[in-house]
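Below is a structure I'd like to ask you about.
The values are calculated or read from the model by the stated rules, or taken from the named source; none is laboratory data. Quantities reported herein were computed from a predicted structural model and do not represent experimental measurements. All Cβ positions, glycine included, derive from the backbone under ideal geometry; neighbour counts span all protein chains shown. Surface accessibility is based on the protein's heavy atoms, side chains included, excluding ligands, DNA and RNA. Shrake-Rupley method; radii C 1.70, N 1.55, O 1.52, S 1.80 Å.
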Amino acid sequence: MQTVHEAYSFACMKCGYAWEQAYAIEHHTDGKGEPFIMYKVGGERVPSPLSNPTCMNCGGHVVRIMRAGQVSSVLGTIDRLYHHRIAPGIAGPVPAGANVPRTPKPRTHDSPGPVPVDEPERGRGRLSRLMGIFRRS
């Protein structure tokens, strides 16, 4: 049996959580002479982190796997993608109670106003009245 120690960095693309984990990777040979690998963390057998990684924070499976030491790099990338800095001059929140004058927006078109609807004619059948309702909507 040969044991290799490796660490991976993980970043969840769903919630942004990132972490690193070290593994003891044991290379074995089964009874038929076929090689197989066991991953262990703290002496306990765990599933391969490469097959179906799961976020430890939200349980999501959209997890990026990288070489060890990449968590800070990925966190910086996620921060740049999702937490943009506001450029100077862009309006921000206005404190409650602030007396800020507002100018009305200019109208770009006239609205048609109320549209008259004809009274349903007496003596029409149910289907005609129903079709009339759909024509008006």
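Restricting to region 34-63, name every residue that is at positive phi and more than 25 Å from the chain's Cα centre (by Cα). Steps first, answer last, please.
As a first pass, look at region 34-63 and keep what is at positive phi: 42-43, 59.
Result: GLY42, GLY43.
Kindly indicate whether GLY69 is at positive phi and either in a strand (DSSP E or B) or open to solvent by less than 30 Å² (accessible area, probe 1.4 Å) (or both).
Working: at positive phi: yes; either in a strand (DSSP E or B) or open to solvent by less than 30 Å² (accessible area, probe 1.4 Å) (or both): no.
In short, no.
Right, next: Please enumerate the residues belonging to region 1-19 that are open to solvent by 90 Å² or more (accessible area, probe 1.4 Å) and closer than 11 Å to ARG64 by Cα. Break it down into steps so the answer makes sense when it comes.
Applying the first criterion (open to solvent by 90 Å² or more (accessible area, probe 1.4 Å)) to region 1-19 yields 1-2, 5, 14.
Once the filter is applied, which keeps residues that are open to solvent by 90 Å² or more (accessible area, probe 1.4 Å) and closer than 11 Å to ARG64 by Cα, region 1-19 yields only LYS14.
Is at least one residue of region 22-31 exposed (fewer than 13 other Cβ atoms within 10 Å of the Cβ), in a strand (DSSP E or B) and of a type in the set (Ser, Thr, Tyr)?
Taking every residue of region 22-31 in turn, at least one turns out to be exposed (fewer than 13 other Cβ atoms within 10 Å of the Cβ), in a strand (DSSP E or B) and of a type in the set (Ser, Thr, Tyr).
Any residue at all in region 45-62 that is assigned to a strand (DSSP E or B) and of a type in the set (S, T, N, Q)?
Filtering region 45-62 for residues assigned to a strand (DSSP E or B) gives 45-46.
With the extra rule that they be of a type in the set (S, T, N, Q), the set shrinks to none.
Looking for residues that are assigned to a strand (DSSP E or B) and of a type in the set (S, T, N, Q), one finds none in region 45-62, hence no.
Can you tell me which residue is most open to solvent (accessible area, probe 1.4 Å) among those in region 37-66 that are of a type in the set (Lys, Arg) and within 16 Å of VAL4 (Cα to Cα)? So that I can check it myself, show each step before the final result.
Let us first name the residues in region 37-66 that are of a type in the set (Lys, Arg), namely 40, 45, 64.
From what is left, the residues that are within 16 Å of VAL4 (Cα to Cα) are 40, 45.
Values: LYS40: 49, ARG45: 158 Å².
Filtering region 37-66 for residues that are of a type in the set (Lys, Arg) and within 16 Å of VAL4 (Cα to Cα), the one most open to solvent (accessible area, probe 1.4 Å) comes out as ARG45.
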